1. Mind listing P(r) for the stretch 21-122? All alpha-carbon pairs, 10 Å bins, whole percents.
2. Run the quick spin-label model on ARG165 and ASP142: label points 7 Å from Cα toward the beta carbon, then report their separation in nm to one decimal.
3. Any chance you could give the angle, 0 to 90 degrees and rounded to 10, that helix 38-51 forms with the longest Cα principal axis of the chain?
4. Expected output is a single nm value to one decimal: the length gained when fully extending between ARG111 and GLN219, i.e. 0.36 nm times separation in residues minus the C-alpha distance. What is it?
5. With loop defined by DSSP as not H, G, I, E or B, and exposure as at most 16 other Cβ atoms within 10 Å, which is the longest segment of the chain clear of exposed GluC sites (Glu not before Pro)?
6. Putting +1 on Lys and Arg Cβ atoms and -1 on Asp and Glu Cβ atoms, find which of GLY221, GLY207, GLY169 reaches farthest to the positive end of the dipole of the stretch 129-237.
7. Once you order the gyration tensor axes a ≥ b ≥ c over the Cα atoms, which shape class does the stretch 158-241 get: rounded for a/c under 1.5, otherwise prolate or oblate by comparing a/b with b/c?
8. Any idea what the relative contact order of the chain is, in percent, if you count C-alpha pairs under 8 Å spaced at least 6 apart?
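Throughout, read-outs are computed from the coordinates displayed, never taken from laboratory work. Because the structure is predicted, anything quoted here is derived from the model rather than measured. Positions of Cβ are backbone-derived with ideal geometry, glycine not excepted, and every protein chain shown enters the neighbour counts.
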Amino acid sequence: MPEASEPPERPAPPAPRDAVQRWRLVLARGPLDPDAGQREQLAAWEQALTRSELPLAGLDASPPKPRFAVAAPLSPSIPGEAELVDVWLVERLPAWRVREALGASMPPAHRLVDAYDVWPGAPALPGQVAASVYRAVAGNDDLDPAVLAEACDAVLQAPTLERERAKGGGTVRYDLRPFIEALEVDRAADPVTLRMTLRHDPERGIGRPDEVLAAIADQLGLAAPPVAALVRERLVLAPPPPPAPPVPRNRGPRRGGQPATPTSRPRK
């Protein structure tokens, strides 16, 4: 019987190219379709980045997948004025090329505000987010700014704020108070405006603005918070960690062969 022919040797696929440049995008985002969950939003970003024809890291992988990172999730119904997204390139490009390519290829309801170069080896963007700043505009012209400020003070002075959150097929109770960093009423604004700085915790989650507004409404004796508009103004990034202290150099033995540290005397 004839011997079976060996399969032809196929060359190994080339290794994916390493990223050499990392761009941080600052974006304005309008409200999305209510059904646009996180998976749908990430898929829209993959399609938009692929359309940009930039030399994105990950496009030469199998399967192709552009490398990018969204700083923090945002509810589809809430607009954002300064959302952050990192993208990695396998070629170094000038800022005008990046802005031009991305400005013409954005996911729905997104607009490129700025783009700047960051160190490729910097910590992951989602892990740097320490808090979100939201702006809530009152929808009730009769709302007294002083009364709103008193309600905010009561929320901040509360030792705990027990709330319920939907999870899976049921609800879980949690303490909202640790997620609230600051509540500030802009009394000069017309209508009255409230700014909320809500913390992000890598283990416990993030502060939800609707829950904070509900807690304030409870203090006001209202069934629902009187809010006409809610937007995330910006994200607060944690400062980079301090540099590690220098490691002391080992000077070795002294001249004459004596050790650098004195030896203990023999016992008598």
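1. 15, 52, 29, 4
2. 3.5 nm
3. Helix 38-51 and the main axis of the chain meet at about 60 degrees.
4. Contour length minus Cα-Cα distance gives 35.1 nm.
5. 92-202
6. GLY169
7. Cα axes put the stretch 158-241 in the oblate bin.
8. Rounded, it is 20 percent for the chain.
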